[in-house]
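The values are calculated or read from the model by the stated rules, or taken from the named source; none is laboratory data. In this text, all values refer to a predicted model and were calculated from it rather than measured experimentally. Reconstructed Cβ throughout: ideal geometry from the backbone, glycine too, with neighbour counts over all protein chains shown.
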Amino acid sequence: MMLKYLHEAALASLVVPEGADKATEREILRRRQQVEAQWSLACRAILMLKSLHADVSALRVDDGDGFQGTGNCEYGHEGVEVTLDWPNLAVLTDETKTILDEVAASDVPKVWFVLHGDCSVPHRCEAEDREEAMEICAEAHPGSKVHVAVPSDAHGEFVLYGYGEEMVHCPLCGSRTEFGELPRDGWQVHVCRCNHSFIAVPEDEETEVES
């Protein structure tokens, strides 16, 4: 119930004011989406943790620290270790980890770097997806051609990967990528089948750019 009240209070505070500009409206709507997503994740996590607790409690002896399984042996037989094949517990454990991973990921802002113009200075912004990032860049730099948006690394930084004569492979999964040329000499944008995208530059070029 407390989560429901928090959910309602959060949404009530995130209302687009009359006459708000497009940037303000987009930010408020993004925050509302985040609240809805985190509310859904919290409800799922509580439900899964309750189920997991019930299954694990079935192994607990007298509410103590010990856990005991009953196998195909005489009841009370001491010194026999029983390995339980419990698929349901494994499924619950895996699902719990998935939910916790999603909760952690929901707290990390989605940062994009958009290359535009001569690609000398990438535009950094928070956006839900590549299309929105490119739209934000176009609004911030009217008249400058927008080429591509790539996600930041885990630290929110813009990363360039160097390449030699060989085709650059995806740094995440190792697969060969499809690539296109950018206006800056030797720069390439790569897209992998795992949906990761990144910028590759000649190995002998300076990899630090202003952002």
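The residue pairs whose first member lies in region 4-28 and is more than 25 Å from Ile46 (Cα to Cα), whose second member is surrounded by fewer than 11 Cβ atoms within 10 Å (Cβ to Cβ), and whose beta carbons are closer than 9 Å, counting only pairs six or more residues apart or on different chains, are Thr24/Pro17; Glu25/Pro17; Ile28/Val15; Ile28/Pro17.
Of Leu11, Leu52, Leu92, Leu3, which residue is at pLDDT 80 or above, under 30 Å from Ala127 (Cα atoms) and assigned to a helix (DSSP H, G or I)? Among Leu11, Leu52, Leu92, Leu3, only Leu11 is at pLDDT 80 or above, under 30 Å from Ala127 (Cα atoms) and assigned to a helix (DSSP H, G or I).
Among the residues of region 14-49, those that are part of a helix (DSSP H, G or I) and either of a type in the set (D, E, K, R) or touching a strand residue (DSSP E or B) at 6+ places or on another chain (Cβ under 6 Å) (or both) comprise Lys22, Glu25, Arg26, Glu27, Arg30, Arg31, Arg32, Glu36, Arg44. Under the condition of being surrounded by 13 or more Cβ atoms within 10 Å (Cβ to Cβ) and either out of contact with any Asp or Glu (no Cβ under 9 Å at 6 or more places or on another chain) or small (Gly, Ala, Ser) (or both), the residues counted in region 1-24 number 4. Out of the residues in region 168-204 that are among the acidic types (Asp, Glu) and under 22 Å from Lys145 (Cβ atoms), state the one that is modelled with the highest pLDDT. The qualifying residue modelled with the highest pLDDT is Glu181.
Look at Ala105 and say whether it is farther than 22 Å from Gln33 by Cα and among the hydrophobic types (A, V, I, L, M, F, W, C). So Ala105 does not fit the description; no.
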